[in-house]
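Below is one structure, written out as structure tokens; comments come after it.
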Amino acid sequence: MDDLINVENMKTSYRIVDESIQSLDNKAVQMISIIGIMFTIQVTILPNIVYSIGVITLILSLISYFLSAGLFIKSCMVKQYKFYPTPETVCHHYEDDVTCEEYISEFIGESEHVVNYNLNVANGKGEYSKFGFYFFALGLFLTLITVISVVIQ
């Protein structure tokens, strides 16, 4: 009975980590599209810049956006997915090799390893996304300076 409770806990843990990874991927894709919009804004500002501070901040903001987009793309490219099949499926197919109780005991240990691995992947994706947001914020700040320099001229 305790093994079945542990199996359900492992399934729940796996699902929670999987949902967090999916959420991080969705946010990264949304940020990549927002960065694309910011590139478009930068291109429309480009012909109006005559002062050197505007050119410098424009170039720095574009670099920030490139770095931000690169980090978000890297976040999307990091793959998780170690998984372990459900114990019912394996017990059904391999009852001759091991007993169901032995398999469930092994399943609990392997599931814990899989959940920990996927959690480390989620943390890595979170780090890439965090630094991507930092570079995006820097790009926004530099874009604001660029726009102000264009308006002042």
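Output the number of the condition that THR99 fails; it satisfies all remaining conditions of (1) at pLDDT 80 or above; (2) hydroxyl-bearing (Ser, Thr, Tyr); (3) surrounded by fewer than 18 Cβ atoms within 10 Å (Cβ to Cβ).
(1)
Cβ contacts < 7 Å: first residue more than 19 Å from GLY139 (Cα to Cα), restricted to the range 64-82; second residue at pLDDT below 85 and surrounded by fewer than 16 Cβ atoms within 10 Å (Cβ to Cβ), any location; separation 6+ or different chain. Result?
Taking only residues 6 or more apart or on different chains, the pairs are LYS82/TYR117.
Matching residues to (1) in a helix (DSSP H, G or I); (2) modelled with pLDDT of 80 or more; (3) surrounded by 16 or more Cβ atoms within 10 Å (Cβ to Cβ):
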position	(1), (2), (3)
TYR84	no, no, yes
CYS91	yes, no, yes
VAL114	yes, no, yes
ASN123	yes, yes, no
ALA137	yes, yes, no
LEU142	yes, yes, yes
SER149	yes, yes, yes
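Can you confirm whether SER61 is within 30 Å of SER23 (Cβ to Cβ) and at pLDDT 80 or above?
yes
Quick test for you: out of ILE56, ILE35, pick the one residue that is touching a helix residue (DSSP H, G or I) at 6+ places or on another chain (Cβ under 6 Å), modelled with pLDDT of 85 or more and in a helix (DSSP H, G or I).
ILE35
Restricting to the range 8-28, count the residues that are out of contact with any helix residue (DSSP H, G or I) (no Cβ under 6 Å at 6 or more places or on another chain), surrounded by 14 or more Cβ atoms within 10 Å (Cβ to Cβ) and farther than 16 Å from ASN120 by Cβ.
3
Give just the number: which of (1) loosely packed, with under 14 Cβ neighbours inside 10 Å; (2) within 15 Å of the chain's Cα centre (by Cα) does ASN48 not satisfy?
Of everything listed in (1) loosely packed, with under 14 Cβ neighbours inside 10 Å; (2) within 15 Å of the chain's Cα centre (by Cα), ASN48 misses just condition (2).
The values are calculated or read from the model by the stated rules, or taken from the named source; none is laboratory data. This one's a predicted model, so the numbers in the text were calculated from it and none came from an experiment. Cβ: placed from backbone, ideal geometry, glycine included. Neighbour counts: every protein chain shown.
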